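A.B. asks: I'd like to ask some things about the structure below.
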Amino acid sequence: MEVMLALTAGVLVAAGAYLMMTGKTVPYVFGLTMISNAANLIIFSTGRLTLAKPALVPGEAITISGAANALPQALILTAIVIGFGLLVFALALAYRSYYALGTAEMDEMRVAEPVERD
Amino acid sequence: MADHDTTRAAPPVWRFLPAIVAAAATLWLARFLGPVAAGVHPEWSLPWAPSLGIAFAFRLDGLALAMALLICGIGALIFLYAATYFATDRRLGTLLVTLSFFAVSMLGLVCADDAITLFLFWEGTTITSWLLVGFDHERREARAAAVQALLITGAGGLALLAGLLVMSAVAGTTRLSEMNAAGDVFRQSAAYAPMLLLVLLGCFTKSAQVPFHFWLPGAMAAPTPVSAYLHSATMVKAGVYLLARLTPALGGTELWTGLLVPVGAVTMILGSVWAARQTDMKLMLAQTTLMGLSALVMLIGLGTEAAIAAAMTFLLVHAFYKAALFLTVGMIEKGAGSRDYRHVAGLARAMPLTATAAAISGLSMAGFPPLFGFVGKELIYEATLTGAAVTLAALVANLFMVICAGMVAIRPFHGAERRSPKDRPGDPAWGLWLGPLVLSGFSLLFGLAPALAGDWLIAPMVAAVTGEEMHGHLALWHGLTPMLVLSLVTFALGILGYLALDRLRDGLAKAEPGLPRMESWYEGALAGIFTLARSVTAASQNGQMTHYLRATFAACAVLTWGGVVLGRMAWPGFTPGPGLIDWMVVAIILASVAVVLVTRSRLTAICALGGVGSGIAIVFVLYGAIDVAMTQLFVEILVVVFMAIAMVRLPSWGEIPFHPGNALIAVVLGLGVTLGTLAVLGTPLDPYLTTFFEANSVPKAGGHNIVNVILVDFRGFDTLGETSVIVIAGIAAIAALRAGRRRLRGAPRR
């Protein structure tokens, strides 16, 4: 399954990168979401998979072994939330730039680097 | 000049302070004359980077002491002159501070015994001389001249640093004295030619040798006291000083002589001939400075004991007369309103002190007895008698020196009085005439008693350069020698040339436009650098964000593939093997991705994006990450909702045209990510941290859900930081949205 997840992550990164390179703000945000999902998948699978055994210590026990790897889960948990924050901000920017600049084409946004006239 | 008023009512009291300090330093340094002449070399050092063997080390041998005395002694007179010249100028403080920094850099440069320390001060002189040449920074030519001097000497400085580092690596030490004592280590090294070339590049740019000579006349944009200081005793002598300093280590080879002598001879003739073409006496002196420096380069290149003795003598000779003459030109300009010798004449009666100083120093420059210049010139002839070509070069140069000395020391003072609009020409204040008179006095004193300079200054200098005691003593009268004959020939031709000066000058002026301009290579190189920079910027920073994104993703692809190709690659085992449900989940994710890519409907795309996220959530559920799965699902719902809201307000993006280049980059990057992940999976997992959390969650943190314990306890502060990031992102998003609602700026409404 790890190999399949690695393959899935590769596809997600490729699709995300392609969407981001289209130069339109909304597909860019779509691509961004895919790449953050891919990153989570990679962290998860490289922490190795354990079928259906959550990292929960049962009632009276002090410790457990053989459960799913808790560390990547903790990392991904925060990564999901941060990725969501990034997405919201990017969406707000896409919205704002459309209304301020009148375009959703990134290559037409030339305020910071105007076209040089010789 | 400046448009606004730069004068102040009264000269400030502190203006003589630098002169007093420099004079005190001169007296203090003079105490070392005896010990150094006796062969004692005071040393002083402070550890700087001991692990690299670099120290803040200084050593006072004959060469260093003589240079230090020139820097401080002439410096004191120049500071006094500047304090009087700019007495009521508001910029006096700036000038004196910059000049003082320059003097200190120069002093450190000549006393340094460590290659890196020397380089530090070398760069110090480069930067301060840039400030000094561009002192009248409101004038365009001054700025251009300053930048030219900075670029050329700065580039040379870089070459010098490389050369010094190679030398340090070869010798295994950064101490110059140890390098000089290392015998043939450098000359037998395989790196001898490159290191010599690098060091020479530094020296030739600093001392304005062909083809780098043109910055020096340009640097005349500086105020007169600055020019007098930079071009007589200090800045431009730094290159010559370093050549002399490194002679024991690098000198004496065919390459050394073969480079130094021709470059010196060519620059010498060029400088002296073009000096005769000038009518501005300051520019003329600048051209003769080229001649003086290149004579020194040529003599050091010859490298015989006679040549070194001649070089060291002429170094002093040149410092005394050149500083004095620059200062007298400044006095003529102050007193009579012009420094063009065609516009001033007959000033001797009105300016007797100026005339005296100019006459003595001019005679020394022309090499007439009984002045110090004569002693120097005889030694030069003696040293150059070895070959007809160098003798001829020396003869031509000295001949023009006679002509130029006449121009600057005789023409302005004799004949019928002629001057610029100025009403009453007269000798200026004491602060101005003291310097030239003292310097002329030295020219006279050392001419009459050459042994005085010879024993106390020149013999220790020669000993420092050759490593051996100098034979013989300096004398004014050597009897009837070939040198005397050459001197007489020089005088005769020189006086004839002086009489025909106007015709000579006009001939040179007429020929000038037809000759190739030497600085064209510099201007071409500069223009080329700008063109290159512009085209690189235009190509890499074209303002298109898709271009930047492509570059970023391509770089990521190169990095991941680099890791995959260069790193160890081991295929992971297939455990646990995928079951039916795994296949289905992965199929859902991949199908959703495909839908996002091909669909034209925004709603479908948003739903498919949700499908991707939900599929991943199922993976989390299957493999024991319940909390993660819950978060993922919740976030995924929010993503879909937010996207849908945004879509209502944003334009439809229509069809995405297929872009093969983008697709290639994306596929290569995706493959790299897959392979990289597989490579990580192929390496054994280190469970140290996981085991720690499993063992300690209940005993230390009292929590049974290990993931939660990690987040809120073991890494609680981290989580706090991430929470703040979310809050900040939310605030920023709200700000962007509200601003958008307020100002629509006529943007197309849906």
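A.B. asks: Determine the pairs where a residue that is under 15 Å from residue B:540 (Cβ atoms) and touching a residue at least 24 places away in the same chain (Cβ under 8 Å), located within the range B:551-563, has a partner that is of a type outside the set (Lys, Arg) and in a helix (DSSP H, G or I) with Cβ atoms under 9 Å apart, the partner being 6 or more residues away or on another chain.
C.D. replies: B:554/B:665; B:554/B:668; B:554/B:669
A.B. asks: Residue A:26 passes all but one of (1) without any contact (Cβ under 8 Å) to a residue 60 or more places away in the chain; (2) within 7 Å of another protein chain (Cβ to nearest Cβ); (3) under 16 Å from the mean Cα position of the chain (by Cα); which number fails?
C.D. replies: The one condition residue A:26 does not meet is (1).
A.B. asks: Go through the range A:29-43 and count every residue that is more than 7 Å from chain B (Cβ to nearest Cβ) and among the aromatic types (Phe, Trp, Tyr).
C.D. replies: Total meeting the criteria: 0.
A.B. asks: Here is a follow-up. Output the qualifying pairs, or none if there are none: Cβ atoms under 6 angstrom, residues six or more apart or on different chains, first residue in the range A:48-67 and over 12 Å from residue B:694 (Cβ atoms) and at the interface with chain B (Cβ under 7 Å from one of its Cβ atoms), second residue hydroxyl-bearing (Ser, Thr, Tyr) and surrounded by 10 or more Cβ atoms within 10 Å (Cβ to Cβ).
C.D. replies: Cβ pairs passing all conditions: A:49/B:623.
A.B. asks: Something else: Out of the range B:665-682, which residues are more than 7 Å from every other protein chain (Cβ to nearest Cβ), of a type in the set (A, V, I, L, M) and touching a Ser or Thr at 6+ places or on another chain (Cβ under 8 Å)?
C.D. replies: B:675
A.B. asks: Can you report the number of residues in the range B:704-719 which are more than 8 Å from chain A (Cβ to nearest Cβ) and either surrounded by 11 or more Cβ atoms within 10 Å (Cβ to Cβ) or at pLDDT below 80 (or both)?
C.D. replies: Count: 6.
A.B. asks: Follow-up. Got a sec? Which helices (runs of 4 or more DSSP H) wholly within the range B:457-558 have at least 2 residues that are touching a helix residue (DSSP H, G or I) at 6+ places or on another chain (Cβ under 7 Å) and in the same structural domain as residue B:276 (by TED's automatic domain parsing)?
C.D. replies: B:459-466, B:482-499, B:501-511
A.B. asks: Could you tell me whether the range A:2-11 includes any residue that is more than 18 Å from residue B:710 (Cα to Cα) and within 12 Å of the chain's Cα centre (by Cα)?
C.D. replies: Step one: of the range A:2-11, the residues more than 18 Å from residue B:710 (Cα to Cα) are A:2-11.
Filter again for within 12 Å of the chain's Cα centre (by Cα), leaving A:9.
Yes, some residue in the range A:2-11 is more than 18 Å from residue B:710 (Cα to Cα) and within 12 Å of the chain's Cα centre (by Cα).
A.B. asks: Checking the structure you have, find out if any residue of the range B:255-271 is within 12 Å of residue B:302 (Cα to Cα), in contact with a Phe, Trp or Tyr (Cβ under 8 Å, 6 or more places away or on another chain) and outside any helix (DSSP H, G or I).
C.D. replies: No, the range B:255-271 has no match at all.
A.B. asks: Looking at the range B:426-442, I want the residues that are assigned to a loop (DSSP other than H, G, I, E, B) and have a partner that is hydroxyl-bearing (Ser, Thr, Tyr) with Cβ atoms under 7 Å, at least 6 apart or on another chain. Which pairs are those?
C.D. replies: As it stands, the answer is B:427/B:354; B:429/B:84, since those pairs meet every condition given.
A.B. asks: What is the residue count in the range B:213-244 for residues that are among the aliphatic types (A, V, I, L, M), over 19 Å from the mean Cα position of the chain (by Cα) and part of a loop (DSSP other than H, G, I, E, B)?
C.D. replies: 1
A.B. asks: Among the residues of the range A:1-55, which ones are of a type in the set (A, V, I, L, M, F, W, C) and more than 26 Å from residue A:91 (Cβ to Cβ)? Outline the logic, then answer.
C.D. replies: First, the residues of the range A:1-55 that are of a type in the set (A, V, I, L, M, F, W, C): A:1, A:3-7, A:9, A:11-15, A:17, A:19-21, A:26, A:29-30, A:32, A:34-35, A:38-39, A:41-44, A:49, A:51-52, A:55.
The answer is A:1, A:3, A:4, A:5, A:6, A:7, A:49, A:51, A:52, A:55.
A.B. asks: Being within 17 Å of residue B:671 (Cα to Cα), at the interface with chain B (Cβ under 7 Å from one of its Cβ atoms), surrounded by 21 or more Cβ atoms within 10 Å (Cβ to Cβ) and touching a residue at least 12 places away in the same chain (Cβ under 8 Å): is that true of residue A:14 here?
C.D. replies: On the way: within 17 Å of residue B:671 (Cα to Cα): yes; at the interface with chain B (Cβ under 7 Å from one of its Cβ atoms): yes; surrounded by 21 or more Cβ atoms within 10 Å (Cβ to Cβ): yes; touching a residue at least 12 places away in the same chain (Cβ under 8 Å): no.
Against the criterion (within 17 Å of residue B:671 (Cα to Cα), at the interface with chain B (Cβ under 7 Å from one of its Cβ atoms), surrounded by 21 or more Cβ atoms within 10 Å (Cβ to Cβ) and touching a residue at least 12 places away in the same chain (Cβ under 8 Å)), residue A:14 does not qualify.
A.B. asks: Which of the residues spanning the range B:61-89 are at pLDDT 90 or above, of a type outside the set (A, V, I, L, M, F, W, C) and closer than 17 Å to residue B:230 by Cα?
C.D. replies: B:73, B:75, B:81
Listed here are the residues, each with its yes/no results for (1) basic (Lys, Arg); (2) over 21 Å from residue B:733 (Cβ atoms); (3) surrounded by fewer than 20 Cβ atoms within 10 Å (Cβ to Cβ); (4) at pLDDT below 90.
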| position | (1), (2), (3), (4) |
| --- | --- |
| A:62 | no, yes, yes, yes |
| A:93 | no, no, yes, yes |
| A:106 | no, no, no, yes |
| A:114 | no, yes, yes, yes |
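A.B. asks: For the structure I just gave you, tell me whether residue B:345 is under 27 Å from residue B:492 (Cβ atoms), outside the structural domain of residue B:204 (by TED's automatic domain parsing), modelled with pLDDT of 90 or more and surrounded by fewer than 24 Cβ atoms within 10 Å (Cβ to Cβ).
C.D. replies: Spelling it out, it is not the case that residue B:345 is under 27 Å from residue B:492 (Cβ atoms), outside the structural domain of residue B:204 (by TED's automatic domain parsing), modelled with pLDDT of 90 or more and surrounded by fewer than 24 Cβ atoms within 10 Å (Cβ to Cβ).
A.B. asks: Identify all residues within the range B:720-742 that are at the interface with chain A (Cβ under 7 Å from one of its Cβ atoms) and of a type in the set (Val, Ile, Thr); write none if there are none.
C.D. replies: Hits for the range B:720-742 are B:725, B:726.
A.B. asks: Run down B:580, B:685 and say which single residue is within 30 Å of residue B:711 (Cβ to Cβ) and among the hydrophobic types (A, V, I, L, M, F, W, C).
C.D. replies: B:685
The values are calculated or read from the model by the stated rules, or taken from the named source; none is laboratory data. Small disclaimer: the values here were computed from a predicted structure and weren't measured. FYI the Cβ positions are ideal-geometry reconstructions off the backbone, even for glycines, and counts take in every protein chain you see.
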